Amino acid sequence: MSTPAPSDVGRLVHLGIGNFARAHTLVATQRAGGWSVSAFTGRTAAMADALNAQGGKYGLIVRGAEDDEVSIVDVIDEVHPADDVDALVRLVADPFTAVVTLTITEKGYAAGNDPADSAPARLALGLKARREAGVQDPIALVSCDNLTGNGDVLREAVLAAADEETRAWFAGHVDVISTMVDRITPSADEGAAALVTERTGLVDTVPVVTEPFTEWVVQDSFRGRRPEWEKAGVQLTDDLELHELRKLRLLNGAHTLMAYAGQVAGLERVDEAISHREVRALVEQLWSEARSTLGLPAADLDAYTAALEERFRNPRLADNLIRIAADGSAKLPVRALPVIAELSGPEKAPGEVAAVAAWTAWVTDRVRAGHEVKDPQAEAIAAAAVLEDPTARVSALLGLLDVPSIDPLVDAVLAEEKRLPRP
């Protein structure tokens, strides 16, 4: 693909303007230069209100092991609440809009065809308006969520919600791009806003805290305009799949395991979990299993897991396990279950089974203690977690992951629950 000329600018629309996007996608877009950004919130209007009050500016705190680097990101022109469907339709139909990026989380792609609840359905309406306006310039839809083949998942979700005419028009006018994004972004701590003001003078109610490491690999299949993301170190490639799997199974898989096993062990933060002898052993087992499914040189995988451990151990990042624990029923089917299947069953994948068992144990403990489980299937999880019979409980919970009640994973999870470290 040819690199876009510096004068070849346009508008980027972003859906799901949370911390994750503001730590990497929009940072790279600002460094690319020249592009206008209109953003939409994920669930509530609060972020739109906060960012618009600050003129779209926010502070970015890159938190190293010893010091912070603070800068201002000033690439956003306007932020709309998610339910402002008219604004999204208008922007997508505008020929100046050339790219739509999304960070709507795994569950956002399964939200159905109702524009009131579904970002892909809202996009389908925008594309319909673009078609009806006769816009010929291609538009690219770019998924930045933690899903293997996230572009394929996005394409399927949008087409499922589109009308027949838009589906027929789609292939000739819309590029759907898969990406892999890697940058740990915890919730901002209480002192973050004061630090931004002290270092930059910006009074910021929504600062972003992130780590020094950043990686963004983008499928190079744009027919139209796009930001010059290469200027920000973004890698354009024709071979994305291995990058996706490496991150999903090693970083995200370890994160998921630590989120649940760490809390079951009485821990609160990632750096505590990776330093806990028994939790660390589970992570190493999971890594060993996941590595065997990746067609990459051992030296490359050694370097990657060593870098992961260094990132996890950063004590100043203070990434809370409860943040990572959200939406487990959407994450485990793409992070743990495929590895178990590829290794021909739970007996060959005890580390991945431990990740699933840590989730069933954690949601059970949390529900029985009267606490909320943040998950798209929260009500069903709560009903299953209180079942007295252990087999019935685990079977019901795994059923929410589409695991049959007769699957050998049920017994494997029951056994692994008993081996999890406790306080």
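The values are calculated or read from the model by the stated rules, or taken from the named source; none is laboratory data. Worth saying up front: this structure is predicted, and the values here are computed from it rather than measured. Virtual Cβ from ideal backbone geometry, glycine too; neighbours counted across all protein chains shown. All accessible areas refer to the heavy atoms of the entire protein, side chains included, with ligands and DNA or RNA removed. Shrake-Rupley method; radii C 1.70, N 1.55, O 1.52, S 1.80 Å.
Which trypsin sites (Lys or Arg not before Pro) does region 258-334 hold that lie in a coil by DSSP with at most 16 other beta carbons within 10 Å?
Values: sites: ARG269, ARG277, ARG280, ARG291, ARG311, ARG313, ARG316, ARG323, LYS331; in loops: ARG313, ARG316.
Those satisfying the criteria are ARG313, ARG316.
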Could I have the simple spin-label model distance between ASP300 and ASP238, label points 7 Å from Cα toward Cβ, reported in nm to one decimal? 1.6
Of all DSSP beta bridges in the chain, what percent run antiparallel (nearest 5)? 30
In a GNM of the chain with a 10 Å cut-off on Cα contacts, which of ASP49, ASP67, ASP77 has the highest mean-square fluctuation? ASP67
If one builds a Gaussian network model of the chain from Cα atoms under 10 Å apart, the most fluctuating residue listed among ALA124, ALA378, ALA168 is ALA168
For LYS374, which lysines qualify as cross-link partners when the Cα separation must be under 28 Å and same-chain residues fewer than eight apart are set aside? LYS107, LYS247, LYS331, LYS418
Roughly how many nanometres apart are two label points built 7 Å out from the Cα toward the Cβ at ARG316 and GLU230? 3.4
Taking all protein chains as present, what is the carbon and sulfur share of the accessible area of region 312-407, in % to the nearest whole number, probe 1.4 Å? 54
Take region 33-105, drop everything but the C-alpha atoms, weight them equally and run the Debye formula without solvent; then report log10 I(q)/I(0) at 0.18, 0.23, 0.24, 0.27 Å⁻¹ to two decimals. -0.82, -1.14, -1.19, -1.31
If the chain between ALA194 and ALA116 were fully stretched, how many nm would it gain, using 0.36 nm times the residue separation less the Cα-Cα distance? 24.4 nm
How large, in percent, is the carbon and sulfur part of the accessible surface of region 2-141 at a probe radius of 1.4 Å? 48
With springs only between Cα atoms under 10 Å apart, run a GNM on the chain and tell me which of ASP94, ASP375, ASP238 wobbles the most. ASP238
Just to confirm my numbers, what's the Cα centroid distance between region 199-217 and region 1-75 in Å? 10
Would you mind classifying region 271-423 by shape? Square roots of the alpha carbon gyration tensor eigenvalues, ordered a ≥ b ≥ c; an a/c under 1.5 is rounded, otherwise it is prolate if a/b is larger than b/c and oblate if not. oblate
Measuring from the lowest to the highest alpha carbon on each principal axis, how far does the chain reach, largest first, in angstroms? 60, 54, 45
Computed over the chain, protein heavy atoms only, probe 1.4 angstrom, the accessible area per residue in square angstrom equals 40
Once the Cβ-Cβ distance between GLU342 and VAL203 is put in as r, and R0 is 60 Å, what FRET efficiency do you end up with, to the nearest 0.05? 0.75
In degrees between 0 and 90, to the nearest 10, how far off the longest principal axis of the chain does helix 408-419 point, with axes built from Cα atoms? 70
In nm, to one decimal, how far is the modelled label at GLU215 from the one at ASP389, with both set 7 Å along Cα→Cβ? 4.6
Could you work out what % of the accessible surface of region 174-258 is carbon and sulfur, using a 1.4 angstrom probe and leaving DNA, RNA and ligands out of the count? 47
